[in-house]
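K.L.:
My questions will all concern the structure given below.
The values are calculated or read from the model by the stated rules, or taken from the named source; none is laboratory data. Only a predicted model underlies this, so the values are computations on that prediction, with no experimental measurement involved. No Cβ is skipped: glycine too gets one built from the backbone with ideal geometry, and neighbour counts run over all protein chains shown. Each accessible area value is taken on the protein alone, full model and side chains, heavy atoms only, with ligands, DNA and RNA left out. Shrake-Rupley method; radii C 1.70, N 1.55, O 1.52, S 1.80 Å.
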Amino acid sequence: MAAITEILPQEYGYVVLAVLFSWVVVNWMGFKVGGARKKYSVKYPDMYSDKDPIFNCIQRAHQNTLEVLQFFLVLLLLGGLQHPRISAICGVVWVVSRISYALGYYTGDPAKRLNGAYGYFALFTLIGCNISLALHLLNVV
């Protein structure tokens, strides 16, 4: 049985670092929600506030990131098998875009969440990396 370091490209380490970066940012967002719960007196299990729309913006930034995180991670980890450097760069760009998204949303103006829209370029590139992987595995290219 071959060691994982013999199977994966050496540059796959960058992909792993991008995954870890996403974990850090998602936890940062979670701490922001926890702090906002205290500040705006939103008790568990309530997901949103009827009184404070800024809390709702902070909560939605985190919730939306969690809603798309699993797809991002799958695309990153699989795309990185064929294109580790490109995928890792896209991973970092996507995670940084989620920070921009959150900081914009945290202002209380939901339109400012679009500050992180550039992350879609990274996501679409990851989809391209996955298409490339699939075509190579199928010996189409």
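K.L.:
I'm trying to understand the selection: among the residues of segment 100-122, which are open to solvent by less than 50 Å² (accessible area, probe 1.4 Å) and either in a helix (DSSP H, G or I) or without any contact (Cβ under 8 Å) to a residue 40 or more places away in the chain (or both)?
P.N.:
Those that are open to solvent by less than 50 Å² (accessible area, probe 1.4 Å) and either in a helix (DSSP H, G or I) or without any contact (Cβ under 8 Å) to a residue 40 or more places away in the chain (or both): 100, 101, 102, 104, 105, 116, 117, 119, 122.
Each row is one residue, and each column tells you yes or no for (1) part of a helix (DSSP H, G or I); (2) of a type in the set (A, V, I, L, M, F, W, C); (3) open to solvent by less than 40 Å² (accessible area, probe 1.4 Å).
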residue	(1), (2), (3)
5	yes, no, no
20	yes, yes, no
27	yes, no, no
32	yes, no, no
37	yes, no, yes
51	no, no, no
63	yes, no, no
68	yes, yes, no
72	yes, yes, yes
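K.L.:
Taking residue 89 as meeting all but one of (1) open to solvent by less than 50 Å² (accessible area, probe 1.4 Å); (2) under 30 Å from residue 7 (Cα atoms), write down the number of the exception.
P.N.:
Evaluating residue 89 over (1) open to solvent by less than 50 Å² (accessible area, probe 1.4 Å); (2) under 30 Å from residue 7 (Cα atoms) leaves (1) as the failure.
K.L.:
Moving on to the next point. Answer with yes or no whether residue 128 is assigned to a helix (DSSP H, G or I), small (Gly, Ala, Ser) and buried (at least 19 other Cβ atoms within 10 Å of the Cβ).
P.N.:
Considered against the rule, which asks whether it is assigned to a helix (DSSP H, G or I), small (Gly, Ala, Ser) and buried (at least 19 other Cβ atoms within 10 Å of the Cβ), residue 128 comes out as no.
K.L.:
For the list (1) open to solvent by less than 40 Å² (accessible area, probe 1.4 Å); (2) at pLDDT below 95, I need the number of the one condition that residue 141 fails.
P.N.:
The failed condition is (1).
K.L.:
Looking at 44, 48, 40, which one is touching an Asp or Glu at 6+ places or on another chain (Cβ under 7 Å) and over 30 Å from residue 79 (Cα atoms)?
P.N.:
One residue alone meets the criteria, 40.
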